[in-house]
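Student: Submitted below is the structure of interest, expressed as structure tokens.
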Amino acid sequence: MKSRRLNKETHTIDSGQGNKDADSFRILQILEEVAEGRPVTQRDLSKKLGIGLGMVNSYLKRLAQQGYIQIGHAGKRRLYYLLTPVGIAEKSLLTYRYIIKSYQVFSDARERIGNFFAELEREGVKSIVLYKATVIAEISLLALQNSSLDLVAIVDDTGAGKRFLGYRIQPVEALQVLSFDKLLITSEDPIEKVSGHLEQYGVKRERLCSLK
């Protein structure tokens, strides 16, 4: 049997909306940093946001023009930033929208993974192992609550021995003695790479499945 992959629905990508979301998130990050009340430089913000100094300067000027922050001089060539009452309100609004957006993404991911598990059940799969303790693994654990699939283990050499949402993470070598039908890759690693790595533990490619 070939490795299973989650079927993706066809969506029209709205690049404009994506850019708007990224812009709002950067503004939220800047407002949060300023709200901390500690000295923050444009270089600090550049590293935090992963954007150039010129873009940081542009954001700060725009936020000042909109009345969200005040820019003052603390000495020669030194600036400081203060969050205004309007800025506090905007930060609260952006935080709320960010939480709602994140929940929508999470809810969609849980539904998609749940549908994937239902497909495995229809194929007669009874038990699975999760490969890597990641955010996708967390969502998968929640989706398994509405599934008849039995979770045998979570394997991840990086976190072996640690607790993960109530489960103790096992080393990858444990796959040699575990009994399971399918191994779900919950990391960004390509299935070919994982397959090559797991061959040494007796896990054949046909037992692997991916959400990609």
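Bear in mind these aren't lab numbers, they're just calculated from the coordinates by the rules spelled out. Treat the numbers as computed from the prediction; the structure is a model and nothing was measured. All Cβ positions, glycine included, derive from the backbone under ideal geometry; neighbour counts span all protein chains shown.
Student: Do any GluC sites (Glu not before Pro) in the stretch 29-72 lie in a DSSP loop with no more than 16 other beta carbon atoms within 10 Å, and if so, which?
Tutor: Hits after loop and neighbour filter: E36.
Student: While we're looking at this one, here's another question. List the trypsin sites (Lys or Arg not before Pro) within the stretch 39-118 that fall in a DSSP loop (any state other than H, G, I, E or B) and whose Cβ has at most 11 other Cβ atoms within 10 Å.
Tutor: Of the trypsin sites (Lys or Arg not before Pro), the ones in loops of the stretch 39-118 whose Cβ has at most 11 other Cβ atoms within 10 Å are K76, R77.
Student: Rank V194, A153, Q104 by how far each Cα sits towards the positive end of the charge dipole of the chain (+1 on Lys, Arg Cβ; -1 on Asp, Glu Cβ) and give me just the farthest.
Tutor: Toward the positive end, the furthest listed residue is Q104.
Student: Calculate, in nm to one decimal, what A174 and E138 gain on full extension: separation in residues at 0.36 nm each, minus their alpha carbon distance.
Tutor: Difference between extended and current length: 10.9 nm.
Student: State to the nearest 20 debye the size of the charge dipole of the chain about its Cα centre, where the only charges are +1 on K and R beta carbons and -1 on D and E beta carbons.
Tutor: With Lys and Arg at +1 and Asp and Glu at -1, about 780 debye.
Student: How many percent of DSSP beta bridges within the chain run antiparallel, rounded to 5?
Tutor: So the antiparallel bridges in the chain amount to around 35 percent.
Student: Here's a follow-up. What are the GluC sites (Glu not before Pro) within the stretch 119-178 that DSSP puts in a loop, where the Cβ has at most 16 other Cβ atoms within 10 Å?
Tutor: On the way: sites: E119, E121, E123, E138, E173; in loops: E123.
Here the GluC sites (Glu not before Pro) that fit, given the DSSP loop and packing criteria, are E123.
Student: Calculated from the structure, volume of the Cα convex hull per residue in Å³ equals which of (1) 322; (2) 172; (3) 128?
Tutor: So the calculated entry is the one marked (2).
Student: Where Lys and Arg each count +1 and Asp and Glu each count -1, what net charge lies around Q145 among other residues with Cβ under 15 Å from its Cβ?
Tutor: Summing Lys/Arg as +1 and Asp/Glu as -1 gives -3.
Student: Now, a different point. So who's got an amide H within less than 5 Å of the one on L208, skipping anything under 5 residues away but keeping other chains? H placed 1.01 Å off N, in plane.
Tutor: Excluding prolines and chain starts, which carry no amide H, the hits are L183.
Student: May I pose another question? Restricting to Cα atoms and excluding each atom paired with itself, what does the Kirkwood estimate give for the stretch 107-210 in Å?
Tutor: After inverting the mean inverse Cα-Cα distance, the result is 13.7 Å.
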